Amino acid sequence: MLISICQDVIEKGIDVNDNDHQYAIEALKMLLMAVKWNKHIVCVLDLDEKDIRNFTNILSKEEIKLLEFIHSKRQRSRDLLNKLYIYTKITFQEETKKTGNVIVYNPRTHTDFELYEETHFIVENILDAQYYSQVVCKYCSVSNRLNHISLKYYPVQGGGATISDVIRNELKLKQHFCIIVCDSDKKFEGAEEEGDTAKGVKNIFSNLKNEETDFHFDFYVMSKVREIENLIPFCVLEQYDKSKKDFISQYKNHLSFYDMKIGLDYKILFDKEIYDEWKTVFKDKINWKKIDLYKKITHSREEFNEKIKELPAWNICWGKNLLKNVLNPKLKGNKNDKQYKLYDIKCGDLTNNQQYEWDEIGKRVISWCCCFANPPR
């Protein structure tokens with residue numbers, strides 16, 4: 001997170017007789033600690049040499065050096081403000097809240113908030129955070145000329161219903177910045193029905209009425225793809241399993257809501273909308289006559305599920321460990337790191353839906369988790 005310290009905080013920190021002096025110093029020390037351990041990008045845009053000298057008898061020598069470091073980066077930080085999706089400003093002049101792309105934090109309130117800690121990145125699987133940061137955000141950083149920053153986050157896992165418990169706990173604690181990214185789990189493009197995780201996350205925030213309550217939170221639910229596996233570029237999937245090259249070539253623009261791990265699960269075809277969608281896509285590849293018959297002669301989902309067990313599985317899939325194996329190509333046993341494309345994706349390697357999601361996820365995660373690429377040593 002880029003955290004901008006307003007001049008009123010500096011002035012109150014220098015003035016030992018000011019009523020808010022101690023609050024200002026505590027906030028400043030926490031932020032300098034965040035710089036020391038490279039948890040956030042911290043800037044004071046209006047800080048000058050005189051201000052730094054005035055802190056000589058208030059801050060330690062190490063803290064003065066850290067203050068000088070962020071002063072030396074002020075122009076780069078100023079430029080970065082216009083590129084980030086959201087940033088935080090520290091001031092006594094406004095109440096703590098989140099409005100648009102600005103989080104306002106008043107050091108006089110929420111004194112338990114740990115400004116020195118990195119952003120908590122809440123995802124459904126711990127590998128998701130690795131994929132978003134090392135692959136998606138790397139691509140977005142290059143695309144937006146943000147190579148001069150890095151990322152720091154604390155990954156927090158919570159799949160299914162447990163992610164709601166994780167979020168409620170973080171909201172109750174009010175101690176950390178938090179960014180959430182989760183799958184839509186939609187079964188086809190245009191589907192209104194989302195998965196339990198997405199619905200749970202949205203329900204939590206739809207019930208929050210006070211901007212001050214969730215000032216430290218942001219969440220994103222994917223809309224253009226089913227889940228994280230649908231964000232893997234198809235050139236990487238081809239490289240990972242060359243036997244599916246023809247399938248990818250024919251269908252890649254129709255696979256945003258396809259289950260890449262297990263293939264087409266016949267059980268979902270009991271629902272008419274889902275059935276209509278996938279019959280259109282795979283019209284010549286599956287025994288639709290049999291499925292049509294089973295839909296006519298069965299009267300419940302349970303009966304239908306029993307009948308379709310007779311059909312051979314639609315086994316065009318990459319397995320339940322797809323993301324793990326793609327992130328660690330050596331697990332497959334035949335990958336040359338220098339030739340592996342996952343960490344060198346270009347715009348043309350993504351479908352329109354993937355491009356949209358990469359951009360949306362990238363700008364949020366970079367903004368909430370950015371830190372200095374070259375921290376002070």
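General observations
- Among the residues making up the range 60-101, none is surrounded by 17 or more Cβ atoms within 10 Å (Cβ to Cβ) and over 25 Å from THR119 (Cβ atoms).
- Count of the range 95-146 residues which are aromatic (Phe, Trp, Tyr) and touching a Pro at 6+ places or on another chain (Cβ under 6 Å): 1
- Selection of helices (runs of 4 or more DSSP H) fully inside the range 230-286 by the criterion of at least 3 residues being open to solvent by 40 Å² or more (accessible area, probe 1.4 Å) returns 245-251, 272-281.
- Inside the range 43-59, residues that are open to solvent by 90 Å² or more (accessible area, probe 1.4 Å) and either under 16 Å from ILE5 (Cα atoms) or in contact (Cβ under 8 Å) with a residue 12 or more places away in the chain (or both) make up a count of 2.
- Subset of the range 137-160 that is out of contact with any Ser or Thr (no Cβ under 8 Å at 6 or more places or on another chain) and in a loop (DSSP other than H, G, I, E, B) - its residue that is surrounded by the most Cβ atoms within 10 Å (Cβ to Cβ): LEU146
- A single entry from ILE180, ILE204, ILE149 fulfils the requirement of being out of contact with any strand residue (DSSP E or B) (no Cβ under 8 Å at 6 or more places or on another chain) and more than 20 Å from LYS320 (Cα to Cα): ILE204.
- Criterion violated by PRO376 - all others in (1) at pLDDT 95 or above; (2) over 27 Å from GLU238 (Cα atoms); (3) open to solvent by less than 70 Å² (accessible area, probe 1.4 Å) satisfied: (1)
- Some residue of the range 82-95 being in contact with a His (Cβ under 9 Å, 6 or more places away or on another chain) and not in a strand (DSSP E or B): no
The values are calculated or read from the model by the stated rules, or taken from the named source; none is laboratory data. Values in this document were obtained by computation on a predicted structure and should not be read as measured data. We place every Cβ from the backbone using ideal geometry, glycine too, and count neighbours over all the protein chains shown. Protein only, heavy atoms only, side chains kept; ligands, DNA and RNA dropped before computing areas. Shrake-Rupley method; radii C 1.70, N 1.55, O 1.52, S 1.80 Å.
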